[in-house]
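Working notes for the structure below.
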Amino acid sequence: MTSVSSTASAPLKAPLAAASPKGFDWFLAVAVVACIAASVRAMFYTPADAMLGEAQKIFYIHVPAAIVGLYLACSLLAICSLVYLWIRDERLDRLAESSAEVGLVFMGMVLITGPIWARTSWGTWWQWEARITSTLFLWLLVLGYLVLRNAVESTEQRARLSAVMGSLAALLVPFIHLTVLLFRGMHPPPVVLTPNNPQKNLPPEMRLTFLFATLAFLLLFFALLRMRYRWAAMRDARAALEHG
Amino acid sequence: MSEHVREQLHERVTAHAGERVTGIAHVREPDALRAPSFVADAWRIARKDLVIEFRTRSGLLASAVFSVLAVVMFHFTWDPTAIPAVDLAPGVLWVIFTFAGLLGLNRSFGLELADRAYDALLASPVSRESIFAGKMLANLAFVTVVQALVLPAVVLFFNLDVGAAWLPIVGVVLLAAIGLSAVGTLFAAIAANTRLAELLLPMMTLPFFIPLVLPAAQLTSLFMNGRPLADGMGWLKVLVAFDLVFVPACVLAFPFTIEE
């Protein structure tokens, strides 16, 4: 891409300036502080699990990241893609793009923290368990979506093609989950230790830490989403200046 | 003019010479989706692609050579004393099917981009849906032919005793081929619009092939081991459901891949 500043005159820069945010991003700052506070609380002010020990504390990162990255970001991506094909609003496309990219980071967090915990509790880094496998496939799917986005030059075409993929991906996810569940059903994994659903019998201190961490991650997600969305808006404004 | 464009123009002229004699510029009919013309148009497009493939044989040759090479390579990475052939073969079979299919899918729309033949196809009085159906049919035929080559090759090189399992395995192969060509055709159409084209297609399609290849490989393994279908009913259901959901979904999604 060529630089705008060399050729564009001052009035042309106006839309770009309008799209670019000014000042300090307070939202992001609050989210980061909340995440740090949640980590501090999880590490120093929450009792360790009697059976799983200190390793259980990864739960306060892992599960909120899964809620945000898998459920929130992926649903947002699917809904924005479907609605885009219907009403063709470019803001929906930017939102889909932003949630895919930010969601990928959170899903990556799930995939990194999962094996670290599994090593101490299950004895293996990687277990082809249904949820882990689904998460991995979903991560690869979103990665493919983002690669597709990068491979298309025109803004309108990029939005349209990636919305098609996003909509089909929404149909695919139940199939992947079903397949993976069936696969596990046939090959029961050698579970060293069965972690019972921690939310059911979570003591109050742990539950509070978990809720706090989830809230912090939600804040972080929306702060990053907002940042990424603004960047996408600036990029599109710049592309409009250069080509149209 | 390339062979392809000539073929396409010929198709257009012959297709509509009998139907209209007015000579007025043709406007796309509102009843373009009417069943008979839909099927006829789809068939014409599929036939065009298959005729080109039959005359050049480039895609089929590449896929066939790749498949045989892959079978041979798999054979040399395999320790027959550690893993019985019947346990390894289904995986080998489906990995090769998937990648050989991808080789053909890449050509499906790549072919149309040369000499801007795609524009001619889109300008012709044919509904978007029938273009997709035609392309998908041609790809289905291509994938099926490749599979008809790979299946005996794997059976031969791995010394498998398939016996009475032939028929159910062929059924599974066909079921998977339908879903594979539907999703593959749609993503080939998407990839044709991008800078990375051939590189992008596997990245987009392989996650979509998981609910096809996994059940198909499981069912193949089931039949090769002589177990009854009742053991794999769940897999069969996933396979059939995938076809039932994704064929219509891809037909509906295809018009969105085209610039209006």
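The values are calculated or read from the model by the stated rules, or taken from the named source; none is laboratory data. The structure displayed is predicted, hence computed values, not measured ones. Don't worry about glycine lacking a Cβ; one is built from the backbone with ideal geometry, like all the others, and counts go over all protein chains shown.
Of everything listed in (1) crowded, with 16+ Cβ neighbours inside 10 Å; (2) within 25 Å of B:THR205 (Cα to Cα); (3) β-branched (Val, Ile, Thr), the single unmet condition for B:VAL95 is (1).
Pick from segment B:186-209 the residues that are out of contact with any Phe, Trp or Tyr (no Cβ under 8 Å at 6 or more places or on another chain) and among the polar types (S, T, N, Q): which of them is modelled with the highest pLDDT? Ranking the qualifying residues of segment B:186-209, first place goes to B:THR194.
The residues listed here are B:ALA189, B:ALA217, B:ALA249, B:ALA253; of these, the one that is surrounded by fewer than 20 Cβ atoms within 10 Å (Cβ to Cβ) and in a helix (DSSP H, G or I) is B:ALA249.
Of everything listed in (1) modelled with pLDDT of 90 or more; (2) over 25 Å from A:MET234 (Cβ atoms); (3) crowded, with 20+ Cβ neighbours inside 10 Å, the single unmet condition for A:LEU82 is (3). Considering segment B:220-246, and only residues there that are polar (S, T, N, Q) and crowded, with 17+ Cβ neighbours inside 10 Å, the residue that is farthest from the chain's Cα centre (by Cα) turns out to be B:SER221. Scanning segment A:159-184 for residues that are basic (Lys, Arg) and either at the interface with another protein chain (Cβ under 7 Å from one of its Cβ atoms) or buried (at least 22 other Cβ atoms within 10 Å of the Cβ) (or both) gives a single hit, A:ARG160. Considering every residue within segment A:111-120, establish whether at least one is surrounded by 17 or more Cβ atoms within 10 Å (Cβ to Cβ), part of a helix (DSSP H, G or I) and in contact (Cβ under 8 Å) with a residue 60 or more places away in the chain. The answer is yes; a qualifying residue exists. Taking segment B:234-244 as the search range and keeping residues that are touching a helix residue (DSSP H, G or I) at 6+ places or on another chain (Cβ under 6 Å) and within 8 Å of another protein chain (Cβ to nearest Cβ), which one is modelled with the highest pLDDT? If we take residues in segment B:234-244 being touching a helix residue (DSSP H, G or I) at 6+ places or on another chain (Cβ under 6 Å) and within 8 Å of another protein chain (Cβ to nearest Cβ), then B:PHE242 is modelled with the highest pLDDT. Any residue at all in segment A:135-144 that's part of a helix (DSSP H, G or I), of a type in the set (Val, Ile, Thr), within 14 Å of chain B (Cβ to nearest Cβ) and within 14 Å of A:ILE67 (Cα to Cα)? Yes, because at least one residue in segment A:135-144 is part of a helix (DSSP H, G or I), of a type in the set (Val, Ile, Thr), within 14 Å of chain B (Cβ to nearest Cβ) and within 14 Å of A:ILE67 (Cα to Cα). Hey, does segment B:228-244 have a residue that's outside any helix (DSSP H, G or I), of a type in the set (Lys, Arg) and under 20 Å from A:LEU182 (Cα atoms)? So far as segment B:228-244 goes, no, none of its residues is outside any helix (DSSP H, G or I), of a type in the set (Lys, Arg) and under 20 Å from A:LEU182 (Cα atoms). Among all residues of segment B:125-140, there is none that is in contact (Cβ under 8 Å) with a residue 60 or more places away in the chain, assigned to a helix (DSSP H, G or I), hydroxyl-bearing (Ser, Thr, Tyr) and within 14 Å of chain A (Cβ to nearest Cβ).
Listed here are the residues, each with its yes/no results for (1) of a type outside the set (Gly, Ala, Ser); (2) touching a Ser or Thr at 6+ places or on another chain (Cβ under 7 Å).
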site: B:PHE142; (1), (2): yes, no
site: B:VAL173; (1), (2): yes, no
site: B:ALA182; (1), (2): no, no
site: B:THR185; (1), (2): yes, yes
site: B:ALA188; (1), (2): no, yes
site: B:ALA192; (1), (2): no, no
site: B:LEU196; (1), (2): yes, no
site: B:MET203; (1), (2): yes, no
site: B:PHE209; (1), (2): yes, yes
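The residues of segment B:215-233 that are touching a residue at least 12 places away in the same chain (Cβ under 8 Å) and either facing chain A (nearest Cβ under 9 Å) or of a type in the set (Gly, Ala, Ser) (or both), listed by number, are B:PRO215, B:ALA216, B:ALA217, B:GLN218, B:SER221, B:GLY226, B:GLY232. Can you confirm whether A:ALA118 is within 14 Å of another protein chain (Cβ to nearest Cβ) and of a type in the set (A, V, I, L, M)? No: the conditions fail for A:ALA118.
Within this structure, A:TRP86 passes the test of being assigned to a helix (DSSP H, G or I), farther than 19 Å from B:PRO207 by Cα and within 13 Å of chain B (Cβ to nearest Cβ). Of everything in segment B:193-213 that is part of a loop (DSSP other than H, G, I, E, B) and either within 7 Å of chain A (Cβ to nearest Cβ) or in contact with a Leu (Cβ under 7 Å, 6 or more places away or on another chain) (or both), the residue that is surrounded by the fewest Cβ atoms within 10 Å (Cβ to Cβ) is B:ARG195. Just one of (1) over 30 Å from A:LEU52 (Cα atoms); (2) in contact with a helix residue (DSSP H, G or I) (Cβ under 7 Å, 6 or more places away or on another chain); (3) at the interface with another protein chain (Cβ under 10 Å from one of its Cβ atoms) fails for A:ASN150. It is (2). Against the definition (at the interface with chain A (Cβ under 9 Å from one of its Cβ atoms), modelled with pLDDT of 90 or more and either within 26 Å of B:GLU259 (Cα to Cα) or assigned to a helix (DSSP H, G or I) (or both)), how does B:VAL183 come out, yes or no? Spelling it out, B:VAL183 is indeed at the interface with chain A (Cβ under 9 Å from one of its Cβ atoms), modelled with pLDDT of 90 or more and either within 26 Å of B:GLU259 (Cα to Cα) or assigned to a helix (DSSP H, G or I) (or both).
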